[in-house]
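Scroll down for the structure; my scribbles are underneath it.
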Amino acid sequence: MKVLVTGNNGKFVKYLKSYASKNKRDWEFDFISLRTDSWRQVDMSSYDAVFHCAGITSAPGDDYKMFKKINVTLTEELFRQAIEQRAKQFVYLSSMAVYDGVGWGFGKEGLITLDTEPRQKTNYGKSKYEAEKAIKAEMAGNTKVSIIRAPSIVGGGMEAYFARYVKFARIPFIPIPVIHEEAKRSFVYVDTLIEFVCNIIQNTAEGVFFPQQYPPLSVSEMMSVVCEAMGKPKIKSKIVGRIIPGAIQNRFFSQICYDSKLNENENRMVPYISSKEAIIHAINE
């Protein structure tokens with residue numbers, strides 16, 4: 001298999017380069033930057049897949065014009081060229097952020113199923129969904145299209161997701177609130193995501209996909225694992241949970257999770273590593 005990957009400087013792509021050089025697959029990965037127009041000279045017809053990872057997650061002043069220029073317009077132009085050159089498959093690395101405007105909660109709220117309509121409140125989430133719609137609007141010919149709505153990625157230097165938990169773990173003593181244990185948070189280990197995408201490419205699978213680590217964990221459970229990985233055990237307390245203001249509970253402990261039935265077969269096809277093991281690997285890397 002021969003895959004063209006966009007985005008030379010992002011943490012995920014840098015890790016993918018290292019991963020690709022070590023993996024046992026008989027695959028060839030080529031990496032290109034979209035920062036100049038040189039990518040327009042690339043012949044995409046010679047690739048089994050174009051894996052579009054380039055994009056931005058933040059912009060000065062949260063300027064939507066910048067998000068739109070890079071995440072939407074550039075994606076549309078790249079996809080149009082892929083179609084014109086009859087690329088076999090176009091894989092777009094989207095984000096769970098397309099759901100960041102969905103009501104989070106502690107029961108069924110915040111549980112994303114096939115029936116959940118994307119709704120965004122951040123400019124990043126809006127730009128990722130606009131890019132998805134731009135791709136769907138341009139779909140034509142024989143190019144297969146796969147959209148990967150990845151949740152937070154951990155491992156490979158992408159530790160922002162656990163940064164606040166690590167800060168808590170460094171405090172000599174802090175009780176972990178045991179509240180809303182049923183409220184889960186989806187994330188995916190970087191190796192799992194790469195293998196997931198490779199399977200999508202290998203099988204030329206089309207559609208929208210939802211990778212995640214199994215089993216989903218609550219924030220309280222995540223915090224416990226982080227503390228364990230750092231050798232700093234903490235005490236769980238229901239009393240603390242009761243006195244935490246509702247606004248903080250909603251922000252840090254509410255549910256935003258993919259239904260475990262989403263892409264269950266595809267998720268089970270990758271080499272298995274549990275959510276707990278993934279957190280420990282990510283913390284210790």
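Just one of 59, 97, 82 is among the aliphatic types (A, V, I, L, M) and more than 18 Å from residue 133 (Cβ to Cβ); which is it? Before the answer, list the steps.
On the way: 97 fails: more than 18 Å from residue 133 (Cβ to Cβ); 82 fails: more than 18 Å from residue 133 (Cβ to Cβ).
Only one candidate passes the filter, namely 59.
Test of understanding: among 17, 11, which residue is free of Cβ contacts under 8 Å to residues at least 24 places away in the same chain and under 15 Å from residue 156 (Cβ atoms)? Please lay out each step first, then the result.
Details: 11 fails: free of Cβ contacts under 8 Å to residues at least 24 places away in the same chain.
Being free of Cβ contacts under 8 Å to residues at least 24 places away in the same chain and under 15 Å from residue 156 (Cβ atoms) holds for just one of 17, 11, which is 17.
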Q) Of the residues that make up the stretch 77-91, is at least one modelled with pLDDT of 95 or more, within 19 Å of the chain's Cα centre (by Cα) and among the aromatic types (Phe, Trp, Tyr)? A) yes
(Q) Restricting to the stretch 109-163, name every residue that is touching a strand residue (DSSP E or B) at 6+ places or on another chain (Cβ under 6 Å) and not aliphatic (A, V, I, L, M). (A) 110, 128, 132, 143, 144, 146, 149, 151, 152, 155, 161
Q.
Which of the helices (runs of 4 or more DSSP H) found entirely inside the stretch 159-248 contain at least 2 residues meeting this: at pLDDT 65 or above?
A. 163-169, 190-202, 219-229
Q | Selection within the stretch 121-137 - open to solvent by 50 Å² or more (accessible area, probe 1.4 Å) and among the acidic types (Asp, Glu) | A | 130
Q. Looking at residue 127, is it polar (S, T, N, Q) and part of a helix (DSSP H, G or I)?
A. yes
**Q.** Failed item, numbered, when residue 131 is tested on (1) modelled with pLDDT under 95; (2) among the aliphatic types (A, V, I, L, M); (3) over 19 Å from residue 219 (Cα atoms)
**A.** (1)
Q: Determine which single condition residue 144 fails, assuming it passes every other condition in (1) modelled with pLDDT under 95; (2) in contact with a Pro (Cβ under 7 Å, 6 or more places away or on another chain); (3) closer than 28 Å to residue 49 by Cβ; (4) not aliphatic (A, V, I, L, M).
A: (2)
Q | Cβ-Cβ under 9 Å pairs, at least 6 apart or on other chains, the stretch 256-285 side within 20 Å of residue 110 (Cα to Cα), far side open to solvent by 90 Å² or more (accessible area, probe 1.4 Å) | A | 259/114; 261/114; 262/114
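The values are calculated or read from the model by the stated rules, or taken from the named source; none is laboratory data. Owing to the predicted nature of the structure, the values given are computational and were not obtained by experimental measurement. For neighbour counting, all protein chains shown are included, and Cβ atoms are generated from backbone atoms with ideal geometry for every residue, glycine included. In case anyone asks, the SASA skips ligands and DNA or RNA and just uses the protein heavy atoms, side chains included. Shrake-Rupley method; radii C 1.70, N 1.55, O 1.52, S 1.80 Å.
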